[in-house]
Every structure is written in C-alpha cells, then in structure tokens.
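The values are calculated or read from the model by the stated rules, or taken from the named source; none is laboratory data. This structure is a prediction, so every number in the text was calculated from the model and none was measured. Cβ coordinates were reconstructed from backbone atoms using ideal geometry, including for glycine residues, and neighbour counts include every protein chain displayed. Heavy atoms of the whole protein, side chains included, go into the accessibility calculation; ligands, DNA and RNA do not. Shrake-Rupley method; radii C 1.70, N 1.55, O 1.52, S 1.80 Å.
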Amino acid sequence: MKHIAVLTSGGDAPGMNAAIRAVVRTGLDRGWAVHGVRYGYAGLINDNLVAMGARSVGGIIHQGGTMLGSARCPEFMTEDGRNSALRTLQQHEIEALIVIGGNGSQTGAYDLHRMGFPVVGVASTIDNDVYGAEPSIGVDTALNIALEAIDRIKTTASSHQRAFIVEVMGRDRGYLALMAGIAGGAEFVVIPEVDTSPEEVAIRVRADYRKGKAHAIVVVAEGAYCNAQRLQGYFKEQHERLGFEPRVTILGHVQRGGAPTAFDRLLGTRSGAAATEYLARGEQGIMLGQVGGKIAATPLAEVAATKKPLDLGLLELARSLNK
Ligand code: ADP
C-alpha cells in the first residue's frame, strides 16, 4: 500500500476542489492511504495534516476555493523551512506528495523533488502563467466571471454614454485582461507586458467618443503600470483639460470566488486522477497540465525554469477590433 499526501498552494483557483476530490478518490481506489495538508506548504511545516476518506471530499466539486485551504508561505523558500516540511512527510511515512497550485507552488514542488522526495504537480492558477498547462485549472471560471462583469458594466455604460475602466486580476500577467477584453468587446486593453501611458488611454477613449460610440470600456490588468488606481488619479487630475472622467470598477477577488465552470471541474478531475495514475506508474518529478486538449506531463525542472509567453498577437487583435 502506498501513502500519499495532497496540498493546494498559492492563490486559490476554482476547480482545485475537483482536483483534490479526484486525487483522494482515485488514490483510495488504488488501495492507498491519502492525507490532506492544510494551508499549503505552511501545513507541511506546521504538521497540519488530515486523513482523507471518500466522504471528506463529498459535496465540494461545485465549490470555488479549496477545502484544504491555501497559503503563501515565505518560510518554505528557506532551506530550514523545506527541511521541516520534509521531516513532517517522513514522520507520517508519506511516500509521495501532490502539489496543486501555480508557478510559485510548482517551483517549491521542484525544490522538494530535488531534495529526493517524490512529487507530482498539478497546474492550477487563474493567472494562466504556468508552462506546461494551457489553460491551468481556474482560468476558465475567472475569465467567465470577469466577462460577466464587463457585460453588465457595458450595459450601464451605454445607457449613460460613459467610459469605464475595469480592472481584472493579474499581478504580472495580462492573460485574463486580454482574453476578457477580447471576449467582452472592450475598446482598449492594458496589460503589464506592454508599456502604455495614461495619456494613451485618454487619447483612445476620446477617439471612441468622437466616433460616436455609446461607451468605452478599458480593461486593465491589476499589475499593469496603468492600473485602475493610477488611471483614476490621472483622470482626476486631468479632468478639466480632458472634459471627462471614466468610472472605475475593480473586480478583485470576486473573480476567484465563483462556482467552477464545467470546464474547470472536468480539468481538475482529469488532472487529479492523472496525478495518481502517473504516481502508480512510478513517475514523479513532473507536473500535469492540459496540453493540446490532453493531460500531459512536463518535468518540474522545465516548469520551474520556463516563463510561459503571452501571445502578444492577441493584443494586436484586441486593438484592431476596435473600430
Ligand atoms: P502561486 O503558486 O499561485 O504562483 P505563489 O507564487 O505565492 O503562488 O507561491 C506559493 C508558495 O509556493 C509560496 O508562498 C512559497 O511557499 C512557495 N514558493 C514560491 N516560489 C518558490 C521558490 N522559488 N522556491 C520555493 N518555494 C517557492
């Protein structure tokens, strides 16, 4: 019999619960014992583990967030922290760990793998910035929530002939802003990957107004230089000169909280099940993610070392569609 543990780490993402459920139930099916680690790597360091049975993952597939809890754990980034994590795993006689999380979490998983502990990663983050996963678990739900908000804002913006700035999540990545912008028919998209000045945004909004458009929606990523706060300050300051001041909506954590879409539930389930399948075959030191529609393994070394590029052709597309 094998004894495994599963944890969720970093930013929570809708669909993580489906992945936990699949890990637990397919693991039990193989005759293994499964422990859940509470609050990510912090739970490993603090020895916060719970035994998982089939019932402990009942009624969670439709819920966003993660039933195991998640955390950012700076201590795990130190050698001492990682050594205590390893000690906990050894004390419980756990033979393999499944890490469900984003880029940072997979880098941590790679560290444990390099220390000789068997680890399998599962790509899950709304940022869609993990190499070896297109998309990662949570992206589809977050995108649909952002889109719904943009659609609603557009309705009120049209009624009042207003410009709106909508800020979506993405500390370093413009993926969500870009995709939500294209799918929501935004007039302009601002992402961290491409320098944009507040003046440029003002020029675009004014041009839209002159074209006779009933509204102008600018979607910005929170990590862009021109995020909602900076644009708000700029427009306030320049109000008299410009003659208009857009309204600002920051979606923030609303984007994470929703019930996972069918896509994310299925992706979470398939990825979680694949994690125990690969472990059963003796494969580890890998991360599982969707590649070309199938769940595929990428070495954790490659995941940790590779920055996933954003297709900037899509920004061109977004901008060319505003006529
Ligand atoms: P995400 O996994 O969503 O990208 P973070 O980047 O915050 O979220 O990472 C989550 C956790 O993973 C961190 O709090 C830390 O414990 C661990 N981690 C992140 N980066 C590293 C790293 N370079 N080495 C070891 N552990 C890391």
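Hey, what angle do you get for helix 16-29 against the long axis of the chain, alpha-carbon based, 0 to 90 degrees rounded to 10?
Once rounded, the angle reads 20 degrees.
Multiply the residue separation of Tyr225 and His160 by 0.36 nm, subtract the distance between their alpha-carbon atoms, and state the gained length in nm to one decimal. Could the numbers behind the result be given before it?
Numbers: separation 65, 0.36 × 65 = 23.40 nm, distance 2.80 nm.
Value of the extension gain: 20.6 nm.
Against the longest alpha carbon principal axis of the chain, how many degrees, from 0 to 90 and to the nearest 10, is the axis of helix 79-91 turned?
Value to nearest ten degrees: 50.
Could you calculate the contour length gain from Arg87 to Asp172, that is, 0.36 nm times the residue separation minus the distance between their Cα atoms, to one decimal place in nm? Walk me through the numbers before you get to the answer.
Values: separation 85, 0.36 × 85 = 30.60 nm, distance 3.35 nm.
Full extension from Arg87 to Asp172 adds 27.3 nm.
Among DSSP bridges having both ends in the range 20-136, what percentage is antiparallel? Round to the nearest 5. Please list the in-between numbers first.
Values: 4 of 9 bridges.
Restricted to the range 20-136, the bridges split so that about 45 percent are antiparallel.
Would you list which lysines come within 16 Å of Lys211, measuring only between C-alpha atoms, while excluding same-chain residues fewer than 8 positions from it?
Excluding near neighbours in sequence, the set is Lys323.
Quick check: with the 1.4 Å probe, what order do Ile191, Ile182 take by accessible area, largest first?
Numbers: Ile191 0, Ile182 50 Å².
Heavy-atom accessible area, descending, gives Ile182, Ile191.
Could you state the accessible area per residue of the range 1-100 in Å², with a 1.4 Å probe and every protein chain left in place?
On the way: 4090 Å² over 100 residues.
That works out to 41 Å² for each residue.
In degrees from 0 to 90, rounded to the nearest 10, what is the angle of the helix 262-280 Cα long axis to the longest principal axis of the chain?
Tilt relative to the chain: about 30 degrees.
Just the number, please: carbon plus sulfur as a percent of the accessible area of the chain, 1.4 Å probe, no ligands or DNA/RNA counted.
Details: 6890 of 13760 Å².
Carbon and sulfur: 50 percent of the exposed surface of the chain.
Working from the alpha-carbon coordinates of the chain, get Rg over Rh, Rh being the Kirkwood radius. Could the numbers behind the result be given before it?
Numbers: Rg = 21.6 Å, Rh = 20.6 Å.
Checking Rg against Rh, the ratio lands at 1.05.
By what distance, in whole Å, do the Cα atoms of the range 141-257 stretch along each of the three principal axes, largest value first?
38, 28, 19 Å, listed from the longest principal axis down.
Given a 1.4 Å probe and heavy atoms of the protein chains only, how would you sort Phe263, Phe244, largest accessible area at the top? Numbers along the way, then the final one.
On the way: Phe263 75, Phe244 45 Å².
Most to least solvent-accessible, the answer reads Phe263, Phe244.
Report the calculated FRET efficiency for Glu79 and Ala301 (r = Cβ-Cβ distance, R0 = 25 Å), to the nearest 0.05.
Values: r = 19 Å, r/R0 = 0.75.
With R0 = 25 Å, the Cβ-Cβ based efficiency is 0.85.
If each of Arg55 and His253 carries a label point 7 Å out from its Cα toward its Cβ, how far apart are those two points in nm?
So the two model labels end up 3.1 nm from each other.
What percent does the relative contact order of the chain come to when contacts are Cα pairs within less than 8 Å and at least six residues apart?
23
Quick check: residue separation of Leu321 and Asp151 times 0.36 nm, minus the Cα distance between them. What number comes out in nm? Walk me through the numbers on the way to the answer.
Details: separation 170, 0.36 × 170 = 61.20 nm, distance 1.69 nm.
Extending this stretch completely gives an extra 59.5 nm.
Could you tell me the accessible area of Arg114 in Å² (1.4 Å probe, neighbours in place), rounded to the nearest ten?
150
Leu315: net charge of surrounding residues, Cβ under 15 Å, Lys/Arg +1, Asp/Glu -1, itself excluded? Present the calculation step by step, with values, prior to reporting the outcome.
Details: positive: Arg173, Arg204, Arg319; negative: Glu187, Glu193, Asp195, Glu200, Asp311, Glu316.
Residues close to Leu315 contribute a combined charge of -3.
Leaving ligands, DNA and RNA out of it, work out the accessible area of Ile137 with a 1.4 Å probe and give it in Å² to the nearest 10.
Per-residue accessible area (Ile137): approximately 0 Å².
Spin-label point model (7 Å from Cα, Cβ direction): what's the Phe244 to Thr107 distance in nm?
That separation, rounded to one decimal, is 4.1 nm.
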